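So the structure is just underneath, and the comments pick up after that.
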Amino acid sequence: MKEQFQARMLRIHFGEDDKWNGKPLHEAIVSKCQELGMAGATVYRGIEGYGASTRIHHASYWKFSKDAPIMLSVIDTEEQIAKLIPYLDEMVQDGLIAISRVEVIRYVRQEGIRGKA
């Protein structure tokens with residue numbers, strides 16, 4: 001079954017070393033998303049990047065510092081994204097949040113119907 005609708009995509013950019021209450025920030029945000037009933041959240045670990053601080057963040061096994069760039073993506077309704085923002089205001093100390101309108105196409109397997117192998 002195919003479903004199409006308008007939604008919001010929220011992308012949060014920060015560093016791997018960032019924490020919230022002693023917990024990695026990405027874990028804290030994903031937990032908050034689940035608690036709020038968000039449709040889903042995905043964490044991406046980047047290879048290299050920089051932001052406002054212009055300090056380059058690397059993901060390398062050969063360097064002593066492991067502060068890779070992290071991007072966390074959430075796609076949900078405008079109302080659900082609005083519920084998350086006040087928590088992000090507290091949690092994200094150094095980072096960037098981008099929100100955009102997106103057209104979503106969701107494919108859902110119908111019960112009892114199996115795909116061809």
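The values are calculated or read from the model by the stated rules, or taken from the named source; none is laboratory data. This is a predicted model, so every value here is computed, not measured. Note that we place each Cβ from the backbone using ideal geometry, even for glycine, and neighbour counts take in every protein chain shown.
Some points to look at:
- Across the range 1-38, the number of residues qualifying as touching a helix residue (DSSP H, G or I) at 6+ places or on another chain (Cβ under 9 Å), touching a residue at least 60 places away in the same chain (Cβ under 8 Å) and over 17 Å from Ile105 (Cα atoms) comes to 8.
- Cβ pairs under 9 Å, 6+ apart, first in the range 73-94 and under 14 Å from Asp18 (Cα atoms), second among the polar types (S, T, N, Q) and at pLDDT below 95: Asp94/Ser53
- Residue list for the range 39-49, restricted to those being among the hydrophobic types (A, V, I, L, M, F, W, C) and either within 16 Å of Ile75 (Cβ to Cβ) or modelled with pLDDT of 95 or more (or both): Ala39, Ala41, Val43
- You will find that of Ala52, Ala68, Ala59, the residue that is more than 27 Å from Phe5 (Cβ to Cβ), surrounded by fewer than 15 Cβ atoms within 10 Å (Cβ to Cβ) and modelled with pLDDT under 90 is Ala52 and no other.
- Scanning the range 26-54 for residues that are hydrophobic (A, V, I, L, M, F, W, C) and in contact with a strand residue (DSSP E or B) (Cβ under 6 Å, 6 or more places away or on another chain) gives Ala28, Ile29, Val30, Cys33, Met38, Ala39, Ala41, Val43.
- Within the span defined as the range 24-38, every residue fails to be modelled with pLDDT of 90 or more, exposed (fewer than 14 other Cβ atoms within 10 Å of the Cβ) and assigned to a strand (DSSP E or B).
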